[in-house]
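Down below is the structure, laid out as structure tokens.
The values are calculated or read from the model by the stated rules, or taken from the named source; none is laboratory data. As the structure is a computational prediction, the values presented were derived from the model and not from experiment. When we count neighbours, we look across all protein chains shown, and the Cβ atoms used for this are built from the backbone with ideal geometry, even at glycine. Please note that ligands, DNA and RNA were not included when accessible areas were found on the heavy atoms of the full protein model with its side chains. Shrake-Rupley method; radii C 1.70, N 1.55, O 1.52, S 1.80 Å.
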Amino acid sequence: MIVYTLSVGPLQTNCYIAACEESKACAVIDPGGDAEEIIAFIEEHSLDAKYVLLTHAHFDHMGAVAELVEVTRAQLAIHPDDEMLLKMGGGGLMWGFAVPPAPPVDVPLAEGQIIEVGTLRLHVLHTPGHTPGHVTFHEPTYKAVFDGDVLFAGGIGRTDFPGGSYRQLMDSIKSKLMILPDETRVYSGHGPVTTIGAERLHNPFL
């Protein structure tokens, strides 16, 4: 697996492109903005976008969905509990950001589901707390998780937005993420890459 990171959108969200080295198939995870930049990157590296995967539907994670899906014809996947937020433009208008309407969801995500991208097997973990339908994508073979706004290097996701729950967030972290091997790399929605082991030892919230 090759992981490319693009910092996109008004909040410089981490957009990840997880690609199969053999087939060049890829999944675009949380395209929060700058659709043209993401599309240009995919074309430059001769990648084949199979899925647009959303950890959750806040505007800074889905701002480029409409244009990206239109151009690449990738399938859009999100948990049903965040579909209403997706249809509302991710709440962008609350912060003064207008987001193009997202296309219909192709793949409703659920706990235990596996998204196949070439040789990659992205296991869906339902990790609510930041939003009700928040999910994390776990690739066990390559020891990696793409966890959106659940766990950060030295921090945790906010729970003061509508639908947020501190209790749910901490339960998601402890029951879904902290059980993973220490060497598992954590690709968060904002900030640097970390590991489960590093957060287990040094994250003040844990």
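A few remarks follow.
- Accessible-area composition of the chain, carbon plus sulfur, in percent [1.4 Å probe]: 54 percent
- Estimated dipole of the chain in Debye, rounded to 20 [Cβ of Lys and Arg +1, of Asp and Glu -1, Cα centre]: 560 debye
- Between R121 and K143, the simple spin-label model (points 7 angstrom out along Cα→Cβ) gives 1.8 nm.
- Distance distribution note for the stretch 39-78: the fraction of Cα pairs above 12 angstrom is 58%.
- From the alpha carbon centroid of the stretch 44-71 to that of the stretch 163-187 is 24 Å.
- With the simple spin-label model, which puts each label point 7 Å out from Cα in the Cβ direction, the A110 to A198 separation comes to 3.6 nm.
- Charge dipole (the chain, unit charges on Cβ, about Cα centre) - positive-most of H56, G33, S23: H56
- Rounded to two decimals, the Cα radius of gyration of the stretch 106-206 over 2.2 N^0.38 Å is 1.01.
- Computed across the chain, the Kirkwood hydrodynamic radius from all distinct Cα-Cα pairs reaches 16.6 Å.
- Protein heavy-atom accessible surface, 1.4 Å probe, per residue over the stretch 72-139: 45 Å².
- Where labels lie 7 Å past Cα in the beta-carbon direction, separation of S175 and F41 in nm: 3.3 nm
- With 5 Å bins beginning at zero, the pair-distance distribution over Cα atoms of the stretch 1-120 amounts to 2, 13, 24, 25, 20, 11, 4, 1, 0 %.
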